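Shown next, in structure tokens, is the structure this report addresses.
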Amino acid sequence: MVEAAVEGIDGVAASSVEIDRGGLTYTVDTLEAYRAADPDGSLFLILGSDAAGGLDTWHRYEEMAEMAEVVVVDRPGAMGERPPVAHRVVDCPLVDLSSTQVRAWADAGQPLDGLVPPAALAYCRQKRLYG
């Protein structure tokens with residue numbers, strides 16, 4: 001479904017690195033894998049401020065902040081929460097919509113056009129994932 005969601009978006013690709021690794025996986029492990037694959041590449045860990053405020057509870061969070069630039073995107077109801085590491089805040093339009101809401105609408109048979117990329121929506125319908 002992720003592959004379908006990013007289909008046709010230049011510079012964006014789905015990765016199966018966490019699935020391929022198997023077992024328990026942490027974000028720091030994923031960053032290490034990306035760093036090993038491209039030692040000179042730039043890594044960004046992009047988080048909503050709701051997740052960023054709790055970054056200090058993540059496994060080896062300080063190492064993550066050394067490997068990748070932490071970027072915080074404000075979310076409605078969670079603005080102002082900041083991680084305890086160096087980070088950049090990105091201003092972008094706020095959309096008061098969560099994946100939980102989208103799944104609930106899908107389960108209720110509500111239209112999702114404009115909320116889910118067309119290819120991902122087609123995948124959900126083909127696999128009868130919701131509703």
If you average the sequence gap of Cα pairs under 8 Å that are 6 or more apart and divide by the length of the chain, what percent do you get for the contact order? 24 percent
Note, ³J(HN,Hα) from phi for segment 50-61, Karplus 6.51, -1.76, 1.60, rounded to Hz, x at Gly and Pro: 5, 7, 4, x, x, 4, 5, 9, 6, 4, 6, 4
Before anything else, pin down the relative contact order of segment 60-131: Cα pairs under 8 Å, at least 6 apart, normalised by residue count, whole percent. 24 percent
Karplus (6.51, -1.76, 1.60) ³J(HN,Hα), θ = phi - 60°, over segment 95-102, in Hz, Gly and Pro reported as x: 10, 7, 8, 10, 5, 4, 5, 4
For segment 50-131, with +1 on Lys and Arg beta carbons and -1 on Asp and Glu, the positive-most of Gln126, Ala68, Gly53 along the dipole: Gln126
What percentage of all Cα-Cα pairs in segment 76-131 are separated by more than 12 Å? 74 percent
Test of the criteria: in segment 6-90, which trypsin sites (Lys or Arg not before Pro) are in a DSSP loop and have at most 13 other Cβ atoms within 10 angstrom of their Cβ? none
Using all alpha carbons of segment 1-50, what is the percent of pairwise distances in each 10 Å bin, ordered from the shortest bin to the longest? 20, 45, 34, 0
Mean shadow area of the chain over all directions, Cα convex hull, nm²: 9.5 nm²
Listed by chain and number, the residues whose amide H is under 5 Å from that of Ile46, excluding neighbours fewer than 5 places away on the same chain and using placed H, are Val71
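Each value in this text was obtained by applying a stated rule to the coordinates, not by laboratory testing. Since the structure is predicted, the reported quantities are computational estimates derived from the model, not experimental observations. Every residue, glycine as well, gets a Cβ built from its backbone with ideal geometry; the counts of neighbours run over all protein chains shown.
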